[in-house]
Structure formats: structure tokens, C-alpha cells
1. Check Ile235 against each of (1) farther than 15 Å from Ala73 by Cβ; (2) away from the ligand (no atom under 16 Å from the Cβ); (3) in contact (Cβ under 8 Å) with a residue 60 or more places away in the chain and name the one condition it does not meet.
2. Scan the range 376-399 residue by residue and report those that are of a type in the set (Gly, Ala, Ser), closer than 13 Å to Leu279 by Cα and either surrounded by 14 or more Cβ atoms within 10 Å (Cβ to Cβ) or in contact with a Ser or Thr (Cβ under 9 Å, 6 or more places away or on another chain) (or both).
3. With respect to Thr314, is the statement that it is within 21 Å of Asp288 (Cα to Cα) and in contact with a Leu (Cβ under 8 Å, 6 or more places away or on another chain) true?
4. Report whether or not Ala60 is away from the ligand (no atom under 13 Å from the Cβ), in contact (Cβ under 8 Å) with a residue 12 or more places away in the chain and within 30 Å of Pro203 (Cα to Cα).
5. State all residues of the range 218-260 that are among the aromatic types (Phe, Trp, Tyr) and open to solvent by 40 Å² or more (accessible area, probe 1.4 Å); if no residue qualifies, say none.
6. Of all residues in the range 356-373, which are closer than 20 Å to Ile337 by Cβ and buried (at least 18 other Cβ atoms within 10 Å of the Cβ)?
Amino acid sequence: MPLHFGHTLLSIPGPSAMPERVLNAMHRASPNIYAGELVDMMDGLVADLKTVACTTGDVAIYIGNGHAAWEAALSNVVVAGDRVLVLGSGAFAIGWGELGSSLGLDVEVLDFGKHTHVEADVVAKRMAQDKDHQIKAVLVVQSDTASAVRNDIQAIGQAIKSVDHPALFMVDCIASLATEEFRMDDWGVDVMVAACQKGLMVPAGISFVYINPRGRAARARIARVSQYWDWELRISPKRFRDYFCGTAPTHHLYGLREALNMLIHEEGLQATWARHRVLARAVWAAVDAWGAQGRMHLNIDDPKRRSYAVSAITTADGDADILRNWCEQVAGVTLGIGLGMAAPSDPAYNTYFRIGHMGHMNVPMVMGTLGAIDAGLKANNIAHGPGALAVAAAVIAQG
Ligand SMILES: *Cc1c(COP(=O)(O)O)cnc(C)c1O
């Protein structure tokens, strides 16, 4: 019997659920783009975007999704024929590398597979072998939204520096900005890419490239960057429209303003990170309980390596789809597909689903999602252990 009514809860790892406050902030007539409120808002918005990434560096805003930020970042620091080293740990660094290949880069992939993290000492070894510094940049993802692994960005940055390699350190925080602790300056990240539709709770459409002085210096060595992707004018605009190389994404900026108010001015960035950690641990506890019988388990074994933004869960063949369909059609909760984990021809294709717990997520949303899954397991006679909701509640009670 279909029981869904009212909002469907979107528990996928991006786009994430949007708070009413963000939606309401966007619900307005088109503003003046030459003077007034929107133009005056920019200084504070840029300052807050830097705060979220713990950086005093620069940030360029692009009208585009995460792929746009991927292309923008690469276009400013490398040219066709340059070698970049991609550190694979799921799907997204590999995807960034594929985009790099389409730009003519010489892409080398050091792949750690889909079930574990990037090992910093292996990276150090590879960088040490590159004696004549062919590798111009190293690309890695903090939270891989497919495998749900969280890479240790600080350790990987140290590994590159420990062998005195000058390659730029470029990090994809598209899923992790404002969900996981990330300290751009302290961790020595040169270029970071992010987008607005995950931890930042704004509909997809704008993305960000953060740059430190080493990143700026790399840009200065490039002879020619397309006017659209060039970050220089976006960083140092002479007029409002220079921020965007044309018309501003007016309503997204209002949405982002409200989201940043909620996250950094009201909740506080440390508390935002802490909330994500607790809610993620509640999800893990539930999955562990379900996994005591049957085949469900978290894709990443080591809790220290798990993303706090998303969980990827393995099931017996076919169960993932049955469960997702039931949760959406009967319970009004949309779960994520097992993206990028196996090709449709692979027997493992139907064995994954994901729970997004990023951005606008709170206790009733996470407990509601877990409750719907628990009911879905029972309704579909999928083998599982008991007590998942109780252990999740216990995690939340401890905080
Ligand atoms: C979502 C995501 C992307 C892709 O972003 P799009 O907006 O879909 O282009 C890239 N990297 C990570 C880690 C992501 O989570």
C-alpha cells in the first residue's frame, strides 16, 4: 500500500535536500544587476565561501555544475600534453581525469580501486620516481560519492611534499565542502573545486574553484586560457559582471547567501562538520545491525576512511533495486543508485545503493530514511539483522 504523502525525502548524495529557507530566499523578482542589494552582497559572500574552505586564498565562481569546476580548474594550470596524476578511489577522480584527457592532458591513473582509500605512502613512492617532474598536478577527491570513501587530504599533501615534488595538489571537494572537515591552507591544497548542490544545499548551477598562491603562480605560467574559464578576472573583478563573465546567477546567489547564513553564521562550521559525523555514524550503526544477518554491508570497511556525507551499501544481487523502488514508491524516500561501482554488464551492478546524508540533513530525516529502509527490508523479505533503528538512535543520543 503506497503510504507516501507530502514531500518525498531526497536522500541521495546530490543534489541534496533544500531547506525551505533557501527556497524562500530564491523566491523573488529578478534583481537589479548593476547596483543595489545583490551587488553589495558579493564581498560578504566571497568572504564566507573562503571561510567554508578554511582558506585566505581566492575563489572563482562559475555558472555550471561540478564538471564545469573540473574544467575551469584544469584549464588554468595545465595545457594539452601536460601529465597529471589521478588518484582513483571510486569514480570521481577518475571522471576528473577523463575530462582532463578530453582536454588533451596526459592522464596517468594510480587506482586504489572502489573499496578503499588512497594510500599516501604509495603516492609518495610514485612521486619520488618522477625525478624530472613530468607530473604537473595530482588530482584527488576528498569524499568519493560513489565508493563513499573519505581520503586523508592532509596526508596525501604531505606525501607529495615529503619527496620535494613541485606538482600542484588539486582536490575535489564537490561532495565534501561543508560536510567534512577540510582545511585548504593548513593542508597545503593548491586548487580545490566544489559545487553548490551538495553540502551547500542550493540547486545545482554554480560551482567554485579555490586557488592558493601556488595555484595563481601556475596560472601565470600558462600563455593562454579561454576568457570564459580564466579565473583571473573572476577573482579580481573590476565590475560585478566580471565575477561571472557575464550575467550573474542571480537567484542562486540569494540561495547561497541563505545557506551560508544557516551553516556558518547560525550553526557554525565546526558544528556543521560534527552534525554530519554523528548522522553518518547513526547510518553506519544501522547498516551494521542489518548486516548481522543477510548480505548488507558498508562498502568501506574501516570507519576512519568512511565519508560523513554519503554511505554506499552492498546488498545481495538485485536487493538494492528492490529496496530503492519500495522506499520511493511506498515510503516517499528516494535513495541513491549504486553509481559508478560496476558496469551494467557486471554481476555486481544491482548490488549497491547509497544514502546521502549531506547538507540539509537532521535527526528526523536520517531516522526517517533508516526507518523506511527497515520497513522496506521487511516488506520485501530481504534478510537482515534486527535492531537497526535502536542502535542508530543510541548513536544520536550520545551525540
Ligand atoms: C557530484 C560530484 C561531482 C560531479 O558534479 P556535477 O555537478 O554532477 O558535475 C564530482 N565530484 C564529486 C566528488 C561529486 O560528488
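1. (1)
2. Looking only at the range 376-399, we keep the residues that are of a type in the set (Gly, Ala, Ser), and these are 376, 379, 383, 385, 387-388, 390, 392-394, 397, 399.
Right, trim to closer than 13 Å to Leu279 by Cα and you get 392-394, 397, 399.
Residues satisfying the conditions are Ala392, Ala393.
3. Numbers: within 21 Å of Asp288 (Cα to Cα): yes; in contact with a Leu (Cβ under 8 Å, 6 or more places away or on another chain): yes.
It is true that Thr314 is within 21 Å of Asp288 (Cα to Cα) and in contact with a Leu (Cβ under 8 Å, 6 or more places away or on another chain).
4. On the way: away from the ligand (no atom under 13 Å from the Cβ): yes; in contact (Cβ under 8 Å) with a residue 12 or more places away in the chain: yes; within 30 Å of Pro203 (Cα to Cα): yes.
When the stated conditions are applied, Ala60 passes them.
5. Restricting attention to the range 218-260, the residues satisfying the condition of being among the aromatic types (Phe, Trp, Tyr) are 228-229, 231, 240, 243-244, 254.
Hits for the range 218-260 are Tyr228, Trp229.
6. Of everything in the range 356-373, those that are closer than 20 Å to Ile337 by Cβ and buried (at least 18 other Cβ atoms within 10 Å of the Cβ) turn out to be Gly356, His357, Met358, Gly359, Met361, Val366, Thr369, Leu370, Ala372, Ile373.
Residues checked against (1) hydrophobic (A, V, I, L, M, F, W, C); (2) open to solvent by 10 Å² or more (accessible area, probe 1.4 Å):
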| site | (1), (2) |
| --- | --- |
| Ala175 | yes, no |
| Glu180 | no, no |
| Arg183 | no, yes |
| Asp186 | no, yes |
| Val189 | yes, no |
| Val193 | yes, no |
| Cys196 | yes, no |
| Ala204 | yes, yes |
| Gly215 | no, no |
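For every residue, the table says whether it meets (1) under 18 Å from Arg219 (Cβ atoms); (2) in contact with a strand residue (DSSP E or B) (Cβ under 6 Å, 6 or more places away or on another chain); (3) within 13 Å of the ligand (Cβ to nearest atom).
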| site | (1), (2), (3) |
| --- | --- |
| Leu168 | yes, yes, no |
| Ile174 | no, yes, yes |
| Thr179 | no, no, yes |
| Trp187 | no, no, no |
| Ala195 | no, yes, yes |
| Gly199 | no, no, yes |
| Gly205 | no, no, yes |
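The values are calculated or read from the model by the stated rules, or taken from the named source; none is laboratory data. Owing to the predicted nature of the structure, the values given are computational and were not obtained by experimental measurement. Please note: Cβ atoms are built from the backbone with ideal geometry, for glycine as well, and neighbour counts cover all protein chains shown. What goes into the accessible areas is simple: the full protein's heavy atoms, side chains included, and nothing from ligands, DNA or RNA. Shrake-Rupley method; radii C 1.70, N 1.55, O 1.52, S 1.80 Å.
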